[in-house]
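Report on the structure given below.
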Amino acid sequence: MTAETSYRGLVLVVEDEPAIADLVRLYLTRDGFGVQMERDGEAGLSAARRLRPVVCVLDIALPGLPGTEICRRLREAGDWTPVIFLTARDDEVDRIVGLELGADDYVTKPFSPRELVARVRAVLRRAAGPDGAEQPRVVGAVTLDPARRTVTAAGAPVQLTSTEFDLLAHLMARPGRVFSREELLAGVWGYAAHAGTRTVDVHVAQVRAKLGPASVIRTHRGVGYAVDA
Ligand code: CA
């Protein structure tokens, strides 16, 4: 296999222990990934923002910023690049999950480099979705990630119910398209049109309230709703 045909994208690895960093770089490179290494948290965050890697592999205990803080800041900015944490202890895992940082996976040290490569490939498969249709949607200051079912407004996470999420996702799938209440009922709720349309208005109002000033949902009087194109 040539480097050209097997190239899988750039992985950012932030790890301050040279022996581990070298091993990870070797295995990822062998598997066809480009690798950018950083040794401290500030440089890692800067590289993540600048280089747009396909996956970030973040050690937790780092000089400067901990890996968890790098992830938190990326997520706050609406960056959902898959993140895999390297943890030093099993008991750190509960903390990572409990922090709800939007981590995609973790590997506990000492780990097999092959295992890490397998995890990197797995998060990329999940992130890609079945046909690329699961890519995050961005309208104005609102970002919606269908794969993770997350929404941010002006960089801040927004907690939507399942139905509210599906409603916003439906509208954001086709910015500028005006959907009638009947179409939304059928498409989101799966109801027949005669089931009543008041519920659509109620849910739209709730989504708008949660998005706040960043709301991108517009009312088209006598027609229905759309998000800004
Ligand atoms: Ca470390």
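Quick notes on this structure:
- Cα→Cβ-extended label distance, 7 Å offset, between Arg218 and Arg121, nm: 4.7
- Most mobile of Gly78, Gly176, Gly67 in a GNM of the chain (Cα contacts under 10 Å): Gly176
- Among beta bridges from DSSP that stay inside the range 3-128, the antiparallel ones total about 0%.
- Theoretical gain in end-to-end length, Ser180 to Ala43 [0.36 nm per residue, Cα-Cα removed]: 44.5 nm
- Rounded to 5, the percent of DSSP beta bridges in the chain classed as antiparallel: 45
- Pairwise centroid distance, computed over Cα atoms, of the range 13-84 with the range 212-229, Å: 38
- Global form of the range 7-71, assessed from the alpha-carbon gyration tensor, a/c cut-off 1.5: oblate
- Longest exposed-site-free window of the chain, the sites being GluC sites (Glu not before Pro) in a DSSP loop that have at most 15 other C-beta atoms within 10 Å: 1-99
- Taking 0.36 nm per residue of sequence separation and removing the Cα-Cα distance, the Tyr7/Asp201 pair yields an extension gain of 65.1 nm.
- Neighbour counts of other Cβ atoms within 10 Å put Asp228, Asp59, Asp166 in the fewest-to-most order Asp228, Asp166, Asp59.
- With a Förster radius of 35 Å applied to the beta-carbon distance between Ser112 and Val138, the computed FRET efficiency rounds to 0.40.
- Likely footprinting exposure, Phe33, Phe111, fewest C-beta neighbours within 10 Å first: Phe111, Phe33
- Listed from fewest to most Cβ neighbours within 10 Å, the set Arg119, Arg50 follows the order Arg50, Arg119.
- Per-residue [θ]222 nm for the chain (sum of -39500 (n - 2.57) over DSSP H runs n ≥ 4, rounded to 500): -12000 deg cm²/dmol
None of the figures in this text is laboratory data; all of them are computed from the coordinates on show. Computed from a predicted structure; not experimentally measured. Methodologically, a virtual Cβ is constructed for each residue, glycine included, from the backbone with ideal geometry; neighbour enumeration extends over all protein chains shown.
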